[in-house]
Amino acid sequence: MTPAKRKITVLPGDGIGPEVVDSALEIIQATGVAVEFEKCEAGARAFAKGIVTGIPKETIESIERTRVVLKGPLETPIGHGNRSANVTLRTLFETYGNIRPVRELPGVHTAFTGRQLDIVIVRENIEDLYAGIEYMQTPGVAESLKLISREGCEKIVKLAFAFAIAEGRKAVHCATKSNILKLTEGLLQHTFEELAPQYPSITSKHILIDNAAHQLAMRPEQFDVIVTTNMNGDILSDLTSGLTGGLGFAPSANIGNDVSIFEAVHGSAPDIAGKNKANPTALILSAAMMLRQISEGKAANDVEQAVLVTLESGIRTSDMLGSEQPTSTTDFTREVISNLGKTSKVSPPKKYTNVELPAARPGVNVVPAKSRKLTGVDIYIESDLEPNALASDLEGLTSSSPLTLQMITNRGAIVFPSMGRGVSLVDHYRCRFVLRDASSGLGESDILSLLGSIGVGHRWMHVEKLQEFDGEQAYSKSQV
Ligand code: NAD
């Protein structure tokens with residue numbers, strides 16, 4: 001009996017998606033690997049049918065069955081209220097890790113040619129600002145919540161080290177903005193520093209994200225694997241793809257506990273869609289990553305090598321630097337197929353082992369605190385009053401509360417008590433209330449009655465409790 005073929009969900013996507021996806025599918029089929037494709041809809045066509053997520057039910061069911069997706073880019077509709085179908089897919093299937101490798105490719109000349117770049121960005125993929133939790137707090141002030149969890153940090157750090165080990169890599173950098181965002185970005189840094197000793201064969205180092213960007217432009221060859229938060233990783237990985245020839249060459253894998261989605265880093269490139277001009281390399285290399293993940297290592301190596309041999313032979317699509325006579329997408333595909341089985345002269349196959357994914361922890365993941373204390377509350381107020389006038393109003397309204405006004409900030413700068421500086425003000429104030437008597441306890445009812453008193457005279461729109469966990473202040477200090 002012939003063994004059942006491994007099913008793969010294929011989302012051709014929008015713009016150049018169907019062209020580059022078809023290229024990858026033809027190449028996969030030419031390797032002779034036993035796979036079967038379930039082509040499904042997602043993106044622009046689904047939005048046009050009124051499916052608000054851009055992902056039809058049938059597509060979700062296919063992914064739940066196959067658990068492996070090869071995906072073309074999906075357009076993000078522009079306008080209020082429309083979510084990105086890409087973000088929906090990542091969130092729905094909790095593909096928490098985005099692996100974006102780039103390397104020097106033969107025949108693809110860049111400013112860094114000869115430096116043997118081989119860098120992987122491991123990007124946290126579902127938390128951070130990309131959770132897209134946003135509010136207009138006043139008609140003129142917008143807010144976005146940057147949520148980072150210990151659980152999310154552990155998973156991405158473990159994935160980065162597991163990937164480094166599977167690929168025989170030497171070093172992992174953790175890039176964050178922890179000097180400014182001490183609690184959110186700092187959580188990734190601390191988790192990284194805590195877990196790194198468990199991987200003694202790998203060198204580990206923290207680097208600030210802005211320095212990482214600078215170093216990547218100056219001396220990119222010093223980097224091997226870089227693990228980082230979602231938005232930083234999005235930006236940094238476009239930068240690294242630029243170092244090695246551009247978006248047309250940058251593959252990626254979105255790794256989850258149950259589902260993995262393989263796609264090019266680039267978008268739908270509407271400017272060249274339907275012209276048979278797109279460079280399919282990024283999607284073909286994504287397909288190779290997919291083959292490796294489904295334990296088809298030989299086919300993965302064959303595809304990668306065939307791409308390298310094709311590039312070595314001087315075949316180029318229109319996006320390649322210095323390309324005078326560009327090859328079409330379909331001709332490039334034919335060349336890759338004809339090179340299957342050949343080995344690159346400059347970059348022979350690497351040795352890979354399976355990536356040991358961190359185990360999923362079911363249920364609600366809790367970081368316990370031995371002690372916790374409620375010490376005050378920040379209340380966000382919309383007001384057109386000057387800071388001193390607002391302060392005296394609030395003091396009047398809350399005179400009988402156990403909480404007293406400690407300070408007011410405007411976009412992070414302290415404006416009450418006055419620092420004697422001219423701050424350009426907006427109608428959005430953070431008003432911090434703390435216990436008048438620090439030795440007394442603070443209860444929920446005190447906060448509720450404080451809000452009631454303030455609501456008599458002001459619009460408030462957001463409340464944050466000030467807490468201490470295990471004696472540590474669990475909120476940021478104010479900037480002066
Ligand atoms: P883009 O990546 O589509 O295009 C940027 C530039 O790179 C364009 O000039 C394009 O022609 C070129 N380019 C990209 N891929 C190429 C390839 N394979 N071969 C040759 N040239 C290529 O970025 P964009 O224009 O900002 O985005 C277009 C749409 O794609 C937007 O709707 C965006 O939301 C979406 N998008 C989707 C994904 C995804 O599905 N993962 C990723 C990024 C952007």
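The values are calculated or read from the model by the stated rules, or taken from the named source; none is laboratory data. Note that the structure is a prediction, hence the values are computed from the model and not measured. Cβ atoms come from the backbone with ideal geometry, glycine included; neighbour counts cover every protein chain shown. Each accessible area value is taken on the protein alone, full model and side chains, heavy atoms only, with ligands, DNA and RNA left out. Shrake-Rupley method; radii C 1.70, N 1.55, O 1.52, S 1.80 Å.
Kindly provide the set of residues from segment 65-90 that are in contact (Cβ under 8 Å) with a residue 40 or more places away in the chain and more than 10 Å from the ligand (Cβ to nearest atom), ordered by number.
Scanning segment 65-90 gives ARG65, THR66, ARG67, VAL68, VAL69, LEU70, ARG83.
Of the residues ILE60, ILE16, only one is at pLDDT 90 or above and either basic (Lys, Arg) or more than 10 Å from the ligand (Cβ to nearest atom) (or both); which?
ILE60
For a quick check of your reading: which strands (runs of 3 or more DSSP E) sit entirely within segment 365-480 and have at least 2 residues that are without any contact (Cβ under 8 Å) to a residue 60 or more places away in the chain?
The qualifying strands (runs of 3 or more DSSP E) are 403-410, 413-416, 428-435.
Tally time: how many residues in segment 162-181 are outside any loop (DSSP other than H, G, I, E, B) and farther than 20 Å from MET231 by Cα?
Residues that pass the stated criteria total 6.
Go through segment 299-325 residue by residue and tally those that are open to solvent by 40 Å² or more (accessible area, probe 1.4 Å) and in contact with a Lys or Arg (Cβ under 6 Å, 6 or more places away or on another chain).
Total meeting the criteria: 1.
Looking only at segment 281-291, decide whether some residue is more than 14 Å from the ligand (Cβ to nearest atom), touching a strand residue (DSSP E or B) at 6+ places or on another chain (Cβ under 6 Å) and under 21 Å from ILE60 (Cα atoms).
yes
Quick one: in segment 259-280, of everything that is over 22 Å from LEU243 (Cα atoms) and in a loop (DSSP other than H, G, I, E, B), which residue is farthest from the ligand (Cβ to nearest atom)?
VAL259
If you check every pair at least six apart or on different chains, which have Cβ atoms under 6 Å apart with a residue in segment 36-47 that is assigned to a loop (DSSP other than H, G, I, E, B) first and a residue that is within 13 Å of the ligand (Cβ to nearest atom) and open to solvent by 40 Å² or more (accessible area, probe 1.4 Å) second?
From segment 36-47, the pairs are GLY43/GLU75.
Which condition number in (1) farther than 30 Å from VAL367 by Cβ; (2) open to solvent by less than 40 Å² (accessible area, probe 1.4 Å) is the one that LEU403 fails?
The failed condition is (1).
Here is a check on your reading of the model: is GLY54 surrounded by 21 or more Cβ atoms within 10 Å (Cβ to Cβ), closer than 24 Å to VAL265 by Cα, within 16 Å of the ligand (Cβ to nearest atom) and modelled with pLDDT under 95?
Yes; evaluated as a whole, the condition is true for this residue.
I'm checking my understanding of the structure. Among residues of segment 84-125 that are assigned to a loop (DSSP other than H, G, I, E, B) and open to solvent by 40 Å² or more (accessible area, probe 1.4 Å), which one is modelled with the lowest pLDDT?
HIS109
When only residues in segment 126-152 that are among the small types (Gly, Ala, Ser) and at pLDDT below 95 count, which is nearest to ALA175 (Cα to Cα)?
Across segment 126-152, the extreme among qualifying residues is ALA131.
Would you say LEU390 is open to solvent by less than 20 Å² (accessible area, probe 1.4 Å) and closer than 27 Å to GLU444 by Cβ?
Against the criterion (open to solvent by less than 20 Å² (accessible area, probe 1.4 Å) and closer than 27 Å to GLU444 by Cβ), LEU390 qualifies.
Identify all residues within segment 313-345 that are part of a helix (DSSP H, G or I) and either modelled with pLDDT under 95 or among the polar types (S, T, N, Q) (or both); write none if there are none.
THR329, THR330, THR333, SER338
Quick one: SER252 ticks every box in (1) of a type outside the set (A, V, I, L, M, F, W, C); (2) more than 7 Å from the ligand (Cβ to nearest atom); (3) buried (at least 20 other Cβ atoms within 10 Å of the Cβ); (4) not in a strand (DSSP E or B) except a single one, so which number is it?
Unmet condition: (4).
Given the condition within 11 Å of the ligand (Cβ to nearest atom) and either free of Cβ contacts under 8 Å to residues at least 24 places away in the same chain or closer than 30 Å to GLU61 by Cβ (or both), answer yes or no: does some residue in segment 296-319 qualify?
no
PHE47 versus (1) within 13 Å of the ligand (Cβ to nearest atom); (2) within 26 Å of ILE235 (Cα to Cα); (3) open to solvent by 30 Å² or more (accessible area, probe 1.4 Å): which is the lone unmet condition?
Every listed condition holds for PHE47 apart from (2).
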